[in-house]
Amino acid sequence: MIHAGDDARKHIYDSVEEIGQLKTQFEVLRFMRGIAELYDCRTFLVLNLPPATSLNLSSNTIITNWPVDMLATFDREGLMQTGALLRRLRKSTVPFTFDLEQLVAERDSPLSRNVFQSFGVVRGGYFPVHDVMGTRGAVSFAGSGPLFDGQQMMELMYISIHVFQRLAELRNLDSRQTEVLTDRETDCLNWTAAGKTSAEIAGILNLSEHTVNHYLNRAARKLDTVNRTQAVAKALRIGLIK
C-alpha cells in the first residue's frame with residue numbers, strides 16, 4: 001500500500017513518466033495491474049462513460065481485470081440500468097469512494113451489490129476522466145481493503161488522468177496505422193461482432209460463405225491480428241466498428 005510522503009510523491013512522478021512510455025494496450029494493462037496491487041486493490045476498470053441508453057458494460061470497457069464471470073453477470077442482469085455508481089458518474093466529475101454498505105442510501109440495486117460482493121469487490125474509488133477530444137470516461141480501483149484516504153485519492157486521480165489519455169493516444173495511433181477496410185470487410189466484422197457465423201453472414205449479405213471468410217481473413221491481416229476474434233476486438237477498440 002502506498003502512503004503519503006516523499007516516497008509516495010516520487011512513485012507518482014515515476015508512474016506518470018512510465019505511462020508516457022507505454023507502447024501498447026497490453027503494456028497499459030500490465031501497468032494497471034501493478035498499480036492495483038500497490039494500492040491493495042483486487043480489480044481495476046477503465047471505461048468510456050456509457051450513455052444512459054447503453055445496455056452493457058463490456059462494450060464500453062477499454063481495459064479491465066474484472067473476472068470474466070463478473071462482467072458477464074453484470075451485463076446479463078442488466079445492471080447498467082440500475083447501478084448507483086454509474087448514475088453518480090453521469091452526474092458529477094468529482095472522484096469518489098464507495099462502500100457497498102453505503103450504496104443502500106443511493107438506491108443501488110441489491111443484485112448489483114451481491115454481484116460485487118461475491119467477487120470480493122466491496123470498497124474502492126471511481127475517478128472521472130476525459131481525453132483531449134472531450135470523451136468522458138472513468139477509472140475504477142476496488143477490492144476488499146480499507147477505503148482510500150485523501151492522499152491516495154489524489155494520487156490515483158493523477159494516474160487515472162494520464163492512463164486514460166495514453167489509451168486514447170494509442171487508439172489514435174492504431175487507427176492511423178491501420179490499412180483502410182472496405183465496406184464489405186467492415187460489414188462482415190460488424191456481423192461477427194453481433195455473434196453471427198460465416199454462414200449466417202453469407203445469408204444476410206447475399207454472399208457465399210467462402211467469400212465471407214475471405215473478407216474476414218483479409219480484415220484480420222489489415223488489422224495486424226491473427227484471427228477474426230482479435231480483428232473484431234481491435235476494430236471495436238479503435239472505432240472502426242461499433
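Just a few scattered comments:
- Across region 123-145, the qualifying residues are those that are among the β-branched types (Val, Ile, Thr) and surrounded by fewer than 18 Cβ atoms within 10 Å (Cβ to Cβ), and the one among them that is farthest from Glu101 (Cα to Cα) is Val132.
- Restricting Phe44, Phe98 to those that are aromatic (Phe, Trp, Tyr) and in contact (Cβ under 8 Å) with a residue 60 or more places away in the chain reduces the list to Phe44.
- Residues in region 10-66 that are within 14 Å of the chain's Cα centre (by Cα) and hydroxyl-bearing (Ser, Thr, Tyr) were compared, and the one that is nearest to Gly134 (Cα to Cα) is Thr61.
- Residue satisfying condition, being of a type outside the set (S, T, N, Q), surrounded by 17 or more Cβ atoms within 10 Å (Cβ to Cβ), assigned to a loop (DSSP other than H, G, I, E, B) and in contact with a Gly (Cβ under 7 Å, 6 or more places away or on another chain), within set Phe148, Phe164: Phe148
- For region 130-145, the set of residues classified as assigned to a strand (DSSP E or B) and closer than 14 Å to Pro50 by Cβ consists of Arg136, Gly137, Ala138, Ser140, listed by residue number.
- Assessment of region 170-181 against the conditions (of a type in the set (D, E, K, R), closer than 21 Å to Leu57 by Cα, outside any strand (DSSP E or B) and assigned by TED's automatic domain parsing to the domain that holds Pro67) yields at least one matching residue.
- Among (1) touching a Phe, Trp or Tyr at 6+ places or on another chain (Cβ under 9 Å); (2) modelled with pLDDT of 90 or more; (3) in a helix (DSSP H, G or I) - the single one Val121 does not satisfy: (3)
The values are calculated or read from the model by the stated rules, or taken from the named source; none is laboratory data. Not measured: the values here are computed from a predicted model. Neighbour counts are summed over all protein chains in view; Cβ atoms, including those assigned to glycine, are modelled from backbone coordinates with ideal geometry.
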